[in-house]
1. For region 48-73, which residues satisfy the criterion of being open to solvent by 50 Å² or more (accessible area, probe 1.4 Å), more than 21 Å from Thr162 (Cα to Cα) and touching a residue at least 40 places away in the same chain (Cβ under 8 Å)?
2. Name the single residue, out of those in region 11-32 being over 18 Å from Glu97 (Cβ atoms) and loosely packed, with under 13 Cβ neighbours inside 10 Å, that is modelled with the highest pLDDT.
3. In region 106-135, what residues are touching a residue at least 24 places away in the same chain (Cβ under 8 Å) and open to solvent by less than 100 Å² (accessible area, probe 1.4 Å)?
4. Scan region 74-92 and give yes if some residue there is surrounded by 18 or more Cβ atoms within 10 Å (Cβ to Cβ), among the polar types (S, T, N, Q) and in contact (Cβ under 8 Å) with a residue 12 or more places away in the chain, otherwise no.
5. Kindly check whether there is at least one residue in region 132-145 that is touching a strand residue (DSSP E or B) at 6+ places or on another chain (Cβ under 8 Å) and among the small types (Gly, Ala, Ser).
6. Looking only at region 136-161, filter to residues that are aromatic (Phe, Trp, Tyr) and open to solvent by less than 80 Å² (accessible area, probe 1.4 Å); which one of those is farthest from Glu89 (Cα to Cα)?
7. Quick check on region 33-47. Is at least one of its residues modelled with pLDDT of 85 or more, assigned to a loop (DSSP other than H, G, I, E, B) and surrounded by fewer than 17 Cβ atoms within 10 Å (Cβ to Cβ)?
Amino acid sequence: DETILFEEKTTTTTTNTTHDQHQQTKTRIVFLKRAQIFVGDVNAGLELNLRNMDRLTTFADYRVPQILRQYEVLEYTFELADRVDSQMELKKDSIEEVSIRAATVVAVEELVQWLNKQQEQQSNDNGKREKFTDVTVDWYLWQAGERMHQDGLLKPFHRVRTHFY
């Protein structure tokens, strides 16, 4: 049952591009976006059906918070909204950047829980459906966000100069 944890440890120890951690006051916040997306992509591409995929979080980057904000799942302060909408670059590791990414992880986790509860309430005993995971919901939101962005239907995304996403 440690398949995913092994993959993450292997990935995070072999490349510095996954060392995406932030110290905010006394709390250390770690995003494993690249390591997790690697596991998610390999799992999907090779149809491995790895166990514990539900232990991965959403891939905290720029597109998912953009669509979550559009649908008012995420709400920015007036000042932050103004900076993002003006396409001003946020400082890497700033409280604003880390807060957007952390709030995205929490929002997607809560959305997954809600979707699974709805599915459970609506399901009949004829067939068991796969549960939603943060990875599957992230993929859907990212794809929808890409289409909506290309069609000019989304507010701007937050801009940060970084190699982590």
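The values are calculated or read from the model by the stated rules, or taken from the named source; none is laboratory data. Computed from a predicted model, the values in this text were never measured in an experiment. Neighbour counts run over all protein chains shown; Cβ positions are idealised from the backbone, glycine included. Just the protein is used for accessible areas: all its heavy atoms, side chains included, with ligands, DNA and RNA removed. Shrake-Rupley method; radii C 1.70, N 1.55, O 1.52, S 1.80 Å.
1. Within region 48-73, Arg51, Asp54, Arg55, Gln70 meet the criteria.
2. Here the answer is Lys26.
3. Matches in region 106-135: Ala107, Val108, Glu109, Leu111, Val112, Thr133, Asp134, Val135.
4. No, region 74-92 has no match at all.
5. Checking region 132-145: not a single residue is touching a strand residue (DSSP E or B) at 6+ places or on another chain (Cβ under 8 Å) and among the small types (Gly, Ala, Ser).
6. Out of the qualifying residues, it is Trp142.
7. Checked against the condition, which is being modelled with pLDDT of 85 or more, assigned to a loop (DSSP other than H, G, I, E, B) and surrounded by fewer than 17 Cβ atoms within 10 Å (Cβ to Cβ), region 33-47 yields at least one hit.
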